[in-house]
Amino acid sequence: MNLTDKIFHDDEAARLHLEAQRWPDGAYCPHCGECEKVTLLGGVSTKPGTYICKSCRTKFTVTVGTIFERSHIGLAKWMLGFRLMASSKKGISALQLSRSLDITYKSAWFMAHRIREAMNLAPEGPLGGEGKTVEADETYVGGKRSNMHAKKRKERDLHADQKLKVVTLVERDGSARSFHVANVTAKTIRKVIVANVSRKSTLMTDGANVYHRVGGEFAAHRWTDHVSGEYVRPGAVHSNSAESYFAILKRGVMGTYHSISEAHMHRYLAEFDFRYSTRSAVGVDDTARTNEALKGSTGKRLTYRRIGEGAHA
């Protein structure tokens, strides 16, 4: 699948591709779940791809019960939007998406948030496990260039120059999960870690005090002292995987989105988590990553009113 593929330029081809991703074993009714008594309707007056369920007597298409439902944007443009966001390592702005797809900025902004919603896949159990290592680290995203006293300054209200606090967990050679937190404290850090990491894991962090107590709840806790300039210890003791994740996230925020409001931060984090967890280093190419995101579009509806007009990044 490349950008000249028919699914990116023909709505019928795009619909068939979406059906193959959503219904690999055949169409089923999104209303009652029926999969046997489902028939594809024909006729010149019938919209292509319309099915009828003989159990609940309702008509439906592949877009019903997905982020595409009731969208006036053609499916080919949706497929291209998914491909662009899935393959852009540092993200793609709504303005660039608008130009690439030849749609309005408002539509591109709304589309991007719905695609992020599809990328927000439900976690499959905790990270790590016996014999595995999970790195934990925290950072500040956005805001003006900080000085050495930035962390001690009082947080301002929600403006473009506000720094947002992010905690990220990265399983080595595996997935990443990131969370926006109100404050970086031992309590908030512990809540994130114990809810998402297996206690059988080895926890890797820096030497911040917020990790000392929670580290004792895991099979092992190793850390490096960044204050003294130590970033790696013998035995692969480091949190460089999390630092690498932050490098991509911050370049995306600064270079692509420029600013992100607190109300939407969780969706942007889901986007960066998704691309990191399905990166080429773990054997996932752009095509497979795009299709994985498409599968996540089912069972999710996101209205413009629900998102709120907020800060359009």
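Read-outs throughout are calculated quantities, based only on the coordinates presented, and are distinct from any laboratory measurement. Small disclaimer: the values here were computed from a predicted structure and weren't measured. Here Cβ is always computed from backbone atoms with ideal geometry, including for glycine, and neighbour counts include all displayed protein chains.
Side notes on the structure shown:
- Between THR104 and ALA13, the simple spin-label model (points 7 angstrom out along Cα→Cβ) gives 2.9 nm.
- Of the two radii for region 31-108, the radius of gyration is 1.11 times the Kirkwood radius, both from the alpha carbons; that is the Rg over Rh value.
- Across the chain, C-alpha contacts under 8 Å between residues 6 or more apart give a mean separation that, scaled by the residue count, equals a relative contact order of 22 percent.
- Placing a pseudo-label 7 Å from each Cα along the Cα-to-Cβ vector at ASP286 and LEU41 gives an inter-label distance of 3.8 nm.
- Think of the chain as having a plus end and a minus end, set by charges on the Cβ of Lys, Arg, Asp and Glu; of ALA94, LEU294, LEU80, ALA94 sits farthest toward the positive end of this dipole.
- Proportion of all alpha-carbon pairs of the chain beyond 28 Å (%): 47 percent
- In range of the label at LYS300: residues from region 20-35 whose backbone nitrogen is under 17 Å from the point 7 Å along Cα→Cβ: 21-23
- Calculated on the Cα set of region 133-260, radius of gyration then Dmax: 14.8, 43 Å.
- Region 18-81, relative contact order in percent, only Cα pairs under 8 angstrom and at least six apart counted: 24 percent
- Per-residue Cβ neighbour rank within 10 angstrom, fewest leading, ILE103, ILE248, ILE260: ILE248, ILE103, ILE260
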